[in-house]
Amino acid sequence: MINCPLCHSTAQTRATRYLTDGSKEMDIQCQNIECSATYRTKETVCRVIREPIPPQMQH
Ligand SMILES: [Zn+2]
């Protein structure tokens, strides 16, 4: 979760929307009542660290 870029307080997800299998957008609201900024973040899988185990290797 990305903190508020304006006041750096913690924030809470309000809505999530999948764009593709590896990325989604989230509407985030700042939890600082004096700020309450709402912003949109994008979360993306940047790299597969380990490929799935091929089926013939699973025993
Ligand atoms: Zn804020």
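For trypsin sites (Lys or Arg not before Pro), the sites in the chain that DSSP calls loop and that have at most 12 other Cβ atoms within 10 Å are 47, 50. In this Cβ point-charge picture (+1 for Lys and Arg, -1 for Asp and Glu), the chain has a dipole of about 80 debye about its Cα centre. Each distinct pair of alpha carbons in the chain adds a 1/r term; the inverse of their mean, the Kirkwood radius, is 13.6 Å.
Cysteines in the chain lacking any other cysteine Cβ under 4.7 Å from their own Cβ: 46.
Taken together, the values in this text are just the output of simple stated rules run on the coordinates, not laboratory data. This is a predicted model, so every value here is computed, not measured. Cβ coordinates were reconstructed from backbone atoms using ideal geometry, including for glycine residues, and neighbour counts include every protein chain displayed.
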